[in-house]
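Any read-out appearing in this document is the output of simple, stated calculations on the displayed coordinates, not a laboratory observation. Keep in mind that this is a model prediction, so the values were computed, not measured. Every residue, glycine among them, receives a Cβ derived from its backbone with ideal geometry; neighbour counts consider all protein chains shown.
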Amino acid sequence: MKQSQKTDFSTLLGPSLAIFAIALAVALENEEPVSLLNLPSLILVLGGTLGATMTAYPLKTFLLLPSIIWQGFKYENIEPDKHIKLMMKLADRIRKDGPLALETEIKYIDDVFTRNAISLIVDGFPPEQLLQTLENDTAMTAQRHLTGIAILNKMASFSPAMGMIGTVVGLIGVMSNLSDPSQLGPSVAVAFLTTLYGALLSNLVFNPLSNKLKHKSDEEIFIRELITEGILAIQESENPRIVQQKMEAYLRPAQRTY
């Protein structure tokens, strides 16, 4: 029961839409949108944010950042109905042929969590131990997800501060060179771009990615809890219809078949 993965284009379309709206607003004010581009300011904010994040976490944890961000670009269709149908099939098989008959079904199951759970049933784990094992697995998975979410939240808090630091650095340069008043306005404008970049990175990149990963984590934990309910039911040799009703209790009323 492998969950299909696709590219989540909203991760790119969302920030792109926001940036387009900002550029359009600037253009409507008869200003050039390119005036908002300043590479040194971006380097200062992004580099400072990465440096602060590296300081906040062990190196091995910080190096997970690329894979954490990549998770925000993947979309998984959880399809709870497919898991329910699989459990009904396994429930029917175990009622007819006993727990050992499930061993032949394991190789056809792509979902790792489900496959491991079925293996525990075949190995004769008692219900209490089976439940504890599955709950521990789910809890550790949630904990790993929280690490990535926490890193992005930390970056979201660091980037505005780095933007302010960049602005202060820029203003120091401006105040140290007041001999040419005509350059004062443009120099101050460039100095404030770091504040803008810090706010944009926080509110268009890091915070939204953190929220998306939290949503994906909640969906995966939900599916695992759904599967756990089905596993415990088929271990007790419940009627497939009972297994279905127990699992569909986790779904919204509109998604149920009864």
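Here is how the numbers come out for the structure above:
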{"item": "Overall Cα dimensions of the chain, principal axis frame, Å, largest first", "result": "91, 40, 26"}
{"item": "14 Å reach of a label modelled at L120, 7 Å along Cα-to-Cβ, counting backbone N of segment 219-252", "result": "224-236"}
{"item": "Amide H contacts of Y57 (H built 1.01 Å from N, under 5 Å, at least 5 apart or other chain)", "result": "none"}
{"item": "Burial ranking of peptide ranges 80-93, 32-45 (average Cβ count within 10 Å, highest at the top)", "result": "80-93, 32-45"}
{"item": "Shape category assigned to segment 31-157 from the gyration tensor of Cα positions, a/c cut at 1.5", "result": "prolate"}
{"item": "Selection from M247, A150, F20, by position along the positive dipole direction of the chain (Cβ)", "result": "M247"}
{"item": "Distance (nanometres) between label positions extended 7 Å along Cα→Cβ at K89 and N203", "result": "4.9"}
{"item": "Residue-span extension gain [A150 to V169] - 0.36 nm each, minus C-alpha spacing", "result": "4.0 nm"}
{"item": "Part-to-part distance (alpha-carbon centres) for segment 196-258 and segment 66-108, which is given in Å", "result": "14"}
{"item": "Calculated FRET value between Q245 and T7, using beta carbons and R₀ = 41 Å, to 0.05", "result": "0.70"}
{"item": "Partner aspartates and glutamates for K82 [C-alpha distance under 13 Å; skip if fewer than 8 residues away on the same chain]", "result": "D110, D111, E248"}
{"item": "Amide proton proximity set for Y75, modelled H, under 5 Å, gap of 5+", "result": "K6, T7, D8"}
{"item": "Farthest positive-ward along segment 46-133 dipole, Cα basis, beta-carbon charges - from G124, L90, L63", "result": "L63"}
{"item": "Which listed pairs, of K60/K212; K214/K246; K107/K216; K85/K216; K154/K212; K6/K246, have C-alpha distances above 19 Å, in listed order", "result": "K60/K212; K214/K246; K107/K216; K85/K216; K6/K246"}
